[in-house]
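These notes are about the structure you will find just below.
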Amino acid sequence: MELVYQSMLSYQPVTSSPPILDCSVDATFDNDSQHLSGLRPFLEAVKRDIDVIKQFLPPPTTNAPYLIAVWKEVLSSPPPILAIGKSAHVKGKKQPQNSAKSTGVKVDVVADNGHTWIRVNTTKNSKLLAEFREIDSYLTDSDDEHGDMAGPSPAQTEFDNSLLRTGRALLAAARDNPVLGTDTRPEIILCLTRIDPDATDQDGNDPRIALTIDLLRDMGLSIKLGERGAITQPTDSAPTTLSSPPVLIPTHQINLDLSILIALVSDLTHASLPASADAAHERFIPTTAYVEWKRSRFRAKSGGGGDGTNAGREDTDDAIDSSQHSRALAEQQQQEMQKGMLQDIHERLLACDPSHPTDATPHSQGAPVPVEFWTTPEARDRCLRIVSKIGGPAEKRRAAALFSTSSIDDDRSATEQEVLYWADSRFPRGFLPLPPIRVFSTPESESPPPLADEGFFNALEATCRALLVPHPHASPVEVAGEERAEGEIQRVSVLRTNSRLTTHTVQSMLCGAARGWTTLTANRTSVRAILREVKTRGYGVETRGRGAGAARHAALWIVDPRSLAEGMRSDVDTINPVPV
């Protein structure tokens, strides 16, 4: 048991990951893939058994044989392991009232990405022999009963026992819980670690033991007899893992969501960097003019009235809100100081061209491969509305340059757009192929190009389509959003089924997934939410694969956000701190 406990402490689940390129500063997106459902309670059960064994000599009967056998299956079963101690429910089977525990069928190990269920049973021959003796006694009692007054007989009309009932329960649960995204039931492996059908009569045997095993196999269960090999002492060497998939790269056409459009025009992205963290915080100390603008905006919303209490609360709320906003901008500025967002995108695009040197500097001109940036009409329109309302002069100029109505076929117009966009930026003109940002004319491609790694793209596309189907009882406001007062930015429309996802975010992801293009986003929360939706709908997220068939292109690309910040700066007199 001590070896089992030490093995569990050093255990690292082997998992595959979705094709998501996480380039944020923390880059912790895949850490949750190391969480194994049921591992913690199983570890606690092992620890309790160890404590009992140490406390009593000789030790009482414990669950040690079962716990050891289950852990051996975890170590030996095909990865990825999804759960330990899962409860699978059978449709139509009601849970008894006043029952605190689930009445589902227990599955000890869910392996092979859900394709294999393993149940460990530590029943001995002696336990089955006791069941057979009880069955035989019923048959004898039935033969001794005569007359019309005899009651119902408990004698079996067909052969049955506890192992056969376990097998039928597992099959029913597997039938009602197919592998996510398929109609296929998982394979069931029943491990009978202490059943020996070849034991001698003196050691305890009965032909019905072998008959039970044959019947279980006839049902469709895989039967494993005996125990697996001993657990070895954990070492400091790296855990066994699946072969590493290739490094993800973006596609040559990149779909931009709203969060990235804002980041591309943000003062944080382009302005010269402060000399220190303290200077970054000082850059965004709220000015008196900004705070007064916030107060006047609050008064306008409330109709211009208010007593002294409300005025005091208003001052406090303004101070808290401004302080939090300033801290958030300072943190984003420090992230930019560690590695600029445009610099990171530039280097990732260089990686798409193996003939280009990898030691790119901020003075490198342009991208070495033909890259196109695209976005949806909704993301473009909302970006322009937001920037026009709260953006600074330079941010407004960049947004206008990105989405100029001039024809991009006109070299002079394209050049003017480029000059306007890169003016006053710390990056050289043409550092990225911006502008222009092209705008989709249709929600999706009529004939998306085939990709070898289209598995996750297909899953993401199907999920987005399902999410965007209006709820039959939803009102137009709930589906399309809510119009606000004149001058206010339109309220963001969230999905009725998932408040963490906005309609325009899902539409952006759909446009990228349907075409097999990478979607670049700074919205980590939405990526996590969409992955949960993908798994909920049964498509799975472990569709990147391994080896030669593994996905090379990132379906989603995450960077850190950059908010509009020019209007909050306090270090440049020429910048108007009050949005126009």
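The values are calculated or read from the model by the stated rules, or taken from the named source; none is laboratory data. What you are looking at is a predicted structure, and each value in this text was computed from that prediction instead of being measured. Because the Cβ atoms are built from the backbone with ideal geometry, glycine has one as well, and the counts that use them run over all protein chains shown. Heads up: the accessible areas ignore ligands, DNA and RNA and are worked out on the full protein's heavy atoms, side chains in. Shrake-Rupley method; radii C 1.70, N 1.55, O 1.52, S 1.80 Å.
Annotation: amide H-H contacts under 5 Å for VAL105 (H modelled 1.01 Å from N, sequence separation of 5 or more, or interchain): ALA88, HIS89, VAL90.
Among the listed pairs LYS91/LYS224; LYS72/LYS106; LYS86/LYS535; LYS54/LYS106, a Cα-Cα separation exceeding 19 Å is found for LYS91/LYS224; LYS54/LYS106. If you sort GLU461, GLU378 by accessible surface, 1.4 Å probe, largest first, the order is GLU378, GLU461. THR503 contributes an accessible area of around 30 Å² to the protein surface, as traced by a 1.4 Å probe with all chains present.
Taking all protein chains together and rolling a 1.4 Å probe, ILE20 ends up with roughly 10 Å² accessible.
Residue by residue, segment 259-271 carries 3J(HN,Hα) couplings of 4, 6, 4, 5, 5, 5, 9, 5, 4, 4, 6, 10, 5 Hz when phi is fed to the Karplus relation 6.51 cos²θ - 1.76 cosθ + 1.60 (θ = phi - 60°); x denotes Gly or Pro. In order along segment 456-465, the Karplus-derived 3J(HN,Hα) couplings, from 6.51 cos²θ - 1.76 cosθ + 1.60 at θ = phi - 60°, round to 6, 4, 5, 5, 5, 4, 4, 5, 4, 4 Hz, and Gly and Pro are given as x.
Surface calculation, 1.4 Å probe, protein heavy atoms: SER296 sits at approximately 50 Å² accessible.
Packing around the peptides 268-275, 330-337, taken as the average count of other Cβ atoms within 10 Å per residue, puts them in this order, highest first: 330-337, 268-275.
What would the Debye equation give as log₁₀ I(q)/I(0) for segment 165-204 at q = 0.24, 0.27, 0.32 Å⁻¹, counting only Cα atoms as equal point scatterers? Debye curve over Cα of segment 165-204, log10 I(q)/I(0) at q = 0.24, 0.27, 0.32 Å⁻¹: -0.81, -0.91, -1.05. Taking amide H as placed 1.01 Å from N in the peptide plane, the amide H of PHE431 sits under 5 Å from that of GLY366, each at least 5 places away or on another chain.
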